[in-house]
2 protein chains.
Amino acid sequence: MGGGRCMRYDFSKFFKETIKNEGGKIILCVLDGLGGIPSEKYEGKTELEFARTPNLDKLAKISSKGLHIPVEYGVTPGSGPSHLALFGYDPIENVIKRGVMEAMGIGILPERDEIFARGNFAKAILYENRIKVVDRRAGRLSTEKNKELCELINRNVSEIDGVKIKFFTVKEHRVCVSFLGEGLSDEIEDTDPQKDNEFLRESKPYGEPTFGKQKLSRVVNELSSLIFDILKGEESAQCILLRGFSKVPNIQSFEEKWKMKALAIASYPMYRGIARILGMDIAELKDGTLQEQITVLKSNFKKYDFFYLHFKKTDSAGEDGDFLAKVKAIEEFDSVIDDILELNPEVLAITGDHSTPSELAYHSFHPVPILIHSRSSFKDYGGRFTERDCANGSLGIIYATAIMPILLANAGRLEKFGA
Amino acid sequence: MGGGRCMRYDFSKFFKETIKNEGGKIILCVLDGLGGIPSEKYEGKTELEFARTPNLDKLAKISSKGLHIPVEYGVTPGSGPSHLALFGYDPIENVIKRGVMEAMGIGILPERDEIFARGNFAKAILYENRIKVVDRRAGRLSTEKNKELCELINRNVSEIDGVKIKFFTVKEHRVCVSFLGEGLSDEIEDTDPQKDNEFLRESKPYGEPTFGKQKLSRVVNELSSLIFDILKGEESAQCILLRGFSKVPNIQSFEEKWKMKALAIASYPMYRGIARILGMDIAELKDGTLQEQITVLKSNFKKYDFFYLHFKKTDSAGEDGDFLAKVKAIEEFDSVIDDILELNPEVLAITGDHSTPSELAYHSFHPVPILIHSRSSFKDYGGRFTERDCANGSLGIIYATAIMPILLANAGRLEKFGA
């Protein structure tokens, strides 16, 4: 069929040749969960409307404004898809699996092709020479005990058949396990029986068996036995149940895609992880305050073409349903605008990855305000940086995947298309 | 790949059966490079906002307004893609190659399947029985001499092996050569060695040799020898270097696509050429003033269904970075609105092919204002015909390829789709 590319899709597939190797610097500030909906309790205003934001107000006048649809109309996105879309990747074709997202959530910076599984410490006994699970959560053992057991395992098993293995504590009985080896496939079955008083399952390839599936399932099954052996003297847990094997996707790097060297300035592990998967450099942060982020932005400004600055507080407050805390977070961000503008970037864009209205206290499907400021951007003059004023802005309502092309255009990084 | 038709693409593929053979007349006025961005020097206004346009103001009130994206978000289009999109052709699937655009630029109205090459007159000697290029630009010989040599060649070579050949002077050492014959392919190598003191190259098929490639390369190589023979008594140049063979694309005609007989009223060669490729009739113009264009529009009004009126001055002023000249061009166009309305067309649409903000002094990626007036169009009542008011108009922000279907709908040229 005639097929339809449209800007929910991948700009770089069709306009690759127009992307230049040079041009201005771009700063993209992502205020997590930025968008809101009006609250009757607060004069029928959204958090952005209620906030006092003198600096954003000034900037909004000389910028173009709009709303973006992170993934698709009606879709409430998780952080993975919404960030991929912001960075110009089709969020439906490119998927970061849950296991990988969780690994990143506890601070693991994934390697290309690394495979993660989620797991439980469990109580088990030997029954007819097989491992039988008697308590899938090992009585919710303490996080301290979990750490102790992970260390014990890591000391005793670091590699099976050339595959590197590492255990990470998540919380209570929960762990995350990493497998790193060549040519592995994550399409293998769980060992977790999902019920007490069942045998620990043997992992097998899903569907057609391939070398990569067979190898990882063999390693996983050997690991199950080894751990039962290692833990047999322990009282609190005797085995590990694994589920949700997921491989870090092999996504084209941001630098290859957009011809820009990128630095991620994010303090939360999840966002550092996403940036890592796209091959961005990840700035080291100590306390992770916005002030520190700005300092790091300044000290690295010469070294990179693209800066992704992630601010978490707006989302956390939204998730807590705390309207005023979200207002305060927005006002905190407002206070650093001048510091950012002092750097004189060719393009400054401010937006969110999705909406988290405090009225709803969770991620939502609503479009997200965006503001783009550059020498060549349209200047809307009217309006503040709010949902309503952005709905009437000159950018209109766009798919998030259109944002990167527009930023590149503003930075003078796109050649003319055709004669 | 990800699904999703969207109206950047070809309406007539999916709704062909709804297109009627009859309906009202449509006038599409294209003010080249119409869109602008606000200028601080001029009260923070764009050219359209700064211009005094009493007639457009009146018309804008009783029209529907919007902005269009010529090719894609972030993409700065050349005239070829932007016009193809305006006429409802997918600008990515249908490409007019650079060589053809250049030929049209010097006033050649191309035939279907004609092939053009760009070329240089060069100085050459015979060395070991081969033609060796010693000066690729023949000392930038004068345009007069170029004309003289072209005439000499045209007198002596008009056809090789059934392929008609014609030389056109561009400027100084540069020429354009046309090849017209059945079944030729343009996928053949250049004869231009790109460096002095190298042999004139023999043209060969790119990739898999086919009849069409082999035939044209044979003709081109024979032409090289013939010209060296013809020019051997000349002092200023002894050979021709050819590069960038490009065929006029075989695009479905406008009339076949939209079931309307169309007349192009354009004075600049490039736009006449594009209309020609789509099979439109091309109005003869003497001085090419807007006044003359309106006269021609009037005298042909009965004979056609669709009129494409192209106005160049807005783009020229924009490219010159001359804000006030662009304002004046807009005001000039404003002065003919009543003359056009007097014809009482079923549909009058006014837009640009792309933006050329005089602030930037070149083509840009910004959406372009559009206004559509008909008996059945929505009447926005508020607003002038400006970028900002169009951003809030009832048409919204649309892909340029959606314009033709909307014009046809306004002209009563589309059947209901489905029962």
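The values are calculated or read from the model by the stated rules, or taken from the named source; none is laboratory data. Because the structure is predicted, anything quoted here is derived from the model rather than measured. Backbone-built Cβ (ideal geometry, glycine too); neighbour counts: all protein chains shown.
For region B:379-404, the candidate set comprises residues that are polar (S, T, N, Q) and surrounded by fewer than 20 Cβ atoms within 10 Å (Cβ to Cβ); within that set, the residue that is modelled with the lowest pLDDT is B:Asn392.
The set of residues in region B:381-404 being more than 14 Å from chain A (Cβ to nearest Cβ) and not aromatic (Phe, Trp, Tyr) consists of B:Arg384, B:Ile403, B:Met404.
From the list B:Glu256, B:Glu202, B:Glu222, the one residue that fits, being assigned to a loop (DSSP other than H, G, I, E, B) and either at pLDDT 95 or above or in contact with a helix residue (DSSP H, G or I) (Cβ under 8 Å, 6 or more places away or on another chain) (or both), is B:Glu202. All conditions but one from (1) within 14 Å of chain B (Cβ to nearest Cβ); (2) closer than 19 Å to A:Ala51 by Cβ apply to A:Ile340; the one that does not is (1). Among the residues of region A:405-414, the ones that are more than 8 Å from chain B (Cβ to nearest Cβ) and either of a type in the set (D, E, K, R) or touching a Phe, Trp or Tyr at 6+ places or on another chain (Cβ under 7 Å) (or both) come to 1 in all. In a residue-by-residue description of region B:297-310, the property of being touching an Asp or Glu at 6+ places or on another chain (Cβ under 7 Å), surrounded by 20 or more Cβ atoms within 10 Å (Cβ to Cβ) and more than 17 Å from B:Leu343 (Cβ to Cβ) applies to at least one position.
Of the residues making up region B:46-56, those that are over 11 Å from B:Asp389 (Cα atoms) and surrounded by 16 or more Cβ atoms within 10 Å (Cβ to Cβ) are B:Thr46, B:Glu47, B:Phe50, B:Ala51, B:Thr53, B:Asn55, B:Leu56.
Checking B:Ile265, B:Ile227, B:Ile282 one by one, the residue that is modelled with pLDDT of 95 or more, crowded, with 18+ Cβ neighbours inside 10 Å and under 27 Å from B:Ile165 (Cβ atoms) is B:Ile227 and no other.
Here's the yes/no breakdown for (1) touching an Asp or Glu at 6+ places or on another chain (Cβ under 8 Å); (2) more than 12 Å from every other protein chain (Cβ to nearest Cβ); (3) more than 22 Å from B:Phe167 (Cβ to Cβ); (4) assigned to a helix (DSSP H, G or I):
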site: B:Ile37; (1), (2), (3), (4): yes, no, yes, no
site: B:Pro81; (1), (2), (3), (4): no, no, yes, yes
site: B:Leu84; (1), (2), (3), (4): yes, no, yes, yes
site: B:Glu102; (1), (2), (3), (4): no, no, no, yes
site: B:Arg112; (1), (2), (3), (4): no, yes, no, no
site: B:Asn120; (1), (2), (3), (4): yes, yes, no, no
site: B:Lys123; (1), (2), (3), (4): yes, yes, no, no
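Condition check: within 27 Å of the chain's Cα centre (by Cα), farther than 30 Å from B:Pro357 by Cβ and in a loop (DSSP other than H, G, I, E, B). Does B:Ile108 satisfy that? Criteria met by B:Ile108. Do the conditions hold for A:Ile96, that is, is it surrounded by fewer than 22 Cβ atoms within 10 Å (Cβ to Cβ) and among the hydrophobic types (A, V, I, L, M, F, W, C)? It is false that A:Ile96 is surrounded by fewer than 22 Cβ atoms within 10 Å (Cβ to Cβ) and among the hydrophobic types (A, V, I, L, M, F, W, C).
Exactly one residue out of A:Gly162, A:Gly183 is surrounded by fewer than 17 Cβ atoms within 10 Å (Cβ to Cβ), within 18 Å of A:Val248 (Cα to Cα) and among the small types (Gly, Ala, Ser): that is A:Gly183.
Name the residue, out of B:Ile330, B:Ile340, that is within 23 Å of B:Gly44 (Cα to Cα) and in the same structural domain as B:His68 (by TED's automatic domain parsing). Being within 23 Å of B:Gly44 (Cα to Cα) and in the same structural domain as B:His68 (by TED's automatic domain parsing) holds for just one of B:Ile330, B:Ile340, which is B:Ile330.
No other residue among A:Leu263, A:Leu242 is touching a helix residue (DSSP H, G or I) at 6+ places or on another chain (Cβ under 9 Å), within 26 Å of A:Leu141 (Cα to Cα) and not in a helix (DSSP H, G or I) apart from A:Leu242. In this structure, is A:Leu67 of a type in the set (A, V, I, L, M, F, W, C), within 14 Å of another protein chain (Cβ to nearest Cβ) and assigned to a strand (DSSP E or B)? The answer is yes for A:Leu67.
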